[in-house]
Amino acid sequence: MERSPRSPYWAIAPALLAVLASLARWLQQGSGNLYTALDKRFYIPDPVVGWRITEDSPLWLGVDVVGMLTAYTVTLVVVARFVGQRERQNGATWSPGRNALWGIAAIPLIVPVWAFASGGVPEGAREALPPGVIGPPPGGFEGTLAGLPAGRYEIVSGAESAVTAHLKAGGEEFDARFAGGLSGTLQFDPSNLEAPLNIEVRVDASSVDTGVSMRSKHAASEDFLDAAKHPELRFSTAALSSSRQGDSPSQLVFWTDGTVTIMGKELSVPVQGTVSVLDEQARERVGADAPGLVVTADFPLDLAETPLPAEEFDETRATLRAVLILTHRPE
């Protein structure tokens with residue numbers, strides 16, 4: 001009577017290896033993330049905008065994938081048991097069943113192989129934007145932006161301008177990034193910072209990118225931002241409250257009070273940040289065809305004061321950062 005020298009349970013070895021390799025990858029990542037990101041976002045220092053997104057976006061495995069692979073392997077154990085029962089009943093090896101089992105057990109190996117091949121954390125990179133720490137305002141107005149013309153400045157779309165919110169929800173910390181449809185203007189006189197100015201910024205709520213596609217879709221849905229009903233997030237301010245010279249004659253540190261409009265509700269927020277003049281090299285890199293500047297602004301937002309479901313967040317205090325590249329547009 002012909003019998004196989006090996007148990008059909010050996011056929012699940014590739015799937016078990018995939019689980020162990022995926023778990024090893026998750027531990028190597030060191031993020032403790034629950035959800036898988038197909039294109040993990042990292043930031044590296046940048047001389048123009050402070051921090052920019054890296055070009056390398058590795059596959060970042062989460063507990064969800066490790067769990068799914070484990071469930072898949074358990075299912076294969078059941079299939080292997082069925083194959084073994086049939087072989088015992090027939091008294092012979094069931095080759096088609098074993099071959100099929102080996103084949104489907106090897107499929108999960110694609111996941112850890114892809115993840116390891118996609119790379120790790122880029123050198124000098126970090127997962128989230130660092131907090132902007134400037135300190136209390138000095139009181140009064142100091143500093144200037146030498147050589148920058150007064151007048152109207154417009155946001156350069158697609159030139160690394162974005163609004164990013166650092167959030168804690170679902171057991172994870174992550175950045176929600178808004179860049180689609182980003183537009184706006186700044187009207188001011190850099191030689192007279194006490195004079196009224198006007199900043200208007202708008203961005204599409206549907207462009208929210210949390211780094212995980214399903215989570216991003218959920219964030220834009222009616223359960224959260226309700227982007228179909230409230231398509232835009234807006235920010236505005238009408239004057240600076242204080243300023244000082246930055247690290248160079250081409251940089252200014254500022255403080256102001258602004259208004260954030262989210263889902264139709266206006267909220268007053270304190271803002272601090274920097275304005276830096278673009279030099280020729282920076283202008284060429286971002287595609288600016290006129291005198292330009294970079295505005296980096298940080299402000300807190302209490303999610304409990306917004307129409308968002310605060311109970312869905314692990315912490316209701318969020319930190320937002322706007323990085324805006326603008327060029328001069330004579331009226």
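The values are calculated or read from the model by the stated rules, or taken from the named source; none is laboratory data. Computed from a prediction, not measured in an experiment: that's the story for all the values here. Heads up, the Cβs are rebuilt from the backbone with ideal geometry, glycines too, and the neighbour counts pull from every protein chain shown.
Data overview
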read-out: Residues satisfying the stated conditions in the stretch 307-316, i.e. more than 14 Å from HIS166 (Cα to Cα), touching a residue at least 40 places away in the same chain (Cβ under 8 Å) and either surrounded by fewer than 18 Cβ atoms within 10 Å (Cβ to Cβ) or touching a Cys at 6+ places or on another chain (Cβ under 8 Å) (or both); value: PRO307, PRO309, GLU312
read-out: Among the residues listed as VAL269, VAL294, VAL260, the single one being under 19 Å from GLU200 (Cα atoms), at pLDDT below 95 and outside any loop (DSSP other than H, G, I, E, B); value: VAL294
read-out: All positions within the stretch 26-36 that are over 13 Å from GLY120 (Cα atoms) and either part of a strand (DSSP E or B) or hydrophobic (A, V, I, L, M, F, W, C) (or both); value: LEU34
read-out: Residue within the stretch 81-95 that is at pLDDT below 95, of a type in the set (A, V, I, L, M, F, W, C) and surrounded by 15 or more Cβ atoms within 10 Å (Cβ to Cβ) present; value: yes
read-out: Verdict on VAL201 being out of contact with any Pro (no Cβ under 7 Å at 6 or more places or on another chain) and touching a residue at least 60 places away in the same chain (Cβ under 8 Å); value: yes
read-out: Failed condition for GLY246, given (1) buried (at least 17 other Cβ atoms within 10 Å of the Cβ); (2) modelled with pLDDT of 95 or more; value: (2)
read-out: Complete set of residues in the stretch 197-246 that are in a strand (DSSP E or B) and β-branched (Val, Ile, Thr); value: ILE199, VAL201, VAL203, THR237
read-out: Only one of LEU23, LEU38, LEU17 that is free of Cβ contacts under 8 Å to residues at least 60 places away in the same chain and either on the phi > 0 side of the Ramachandran plot or hydrophobic (A, V, I, L, M, F, W, C) (or both); value: LEU23
read-out: Some residue of the stretch 273-283 being farther than 28 Å from LEU38 by Cβ, under 23 Å from the mean Cα position of the chain (by Cα), small (Gly, Ala, Ser) and in the same structural domain as ALA297 (by TED's automatic domain parsing); value: yes
read-out: The stretch 183-203 - residue that is surrounded by 15 or more Cβ atoms within 10 Å (Cβ to Cβ) and among the hydrophobic types (A, V, I, L, M, F, W, C) and, of those, nearest to GLY292 (Cα to Cα); value: LEU186
read-out: Where a residue in the stretch 70-95 is assigned by TED's automatic domain parsing to the domain that holds PRO14 and its partner, wherever it lies, is surrounded by 12 or more Cβ atoms within 10 Å (Cβ to Cβ) and basic (Lys, Arg), with Cβ under 7 Å and at least six apart; value: VAL83/ARG98; TRP94/ARG86
read-out: Failed criterion for ALA176 (all others in (1) farther than 29 Å from GLU311 by Cβ; (2) touching a residue at least 40 places away in the same chain (Cβ under 8 Å); (3) among the small types (Gly, Ala, Ser) hold); value: (1)
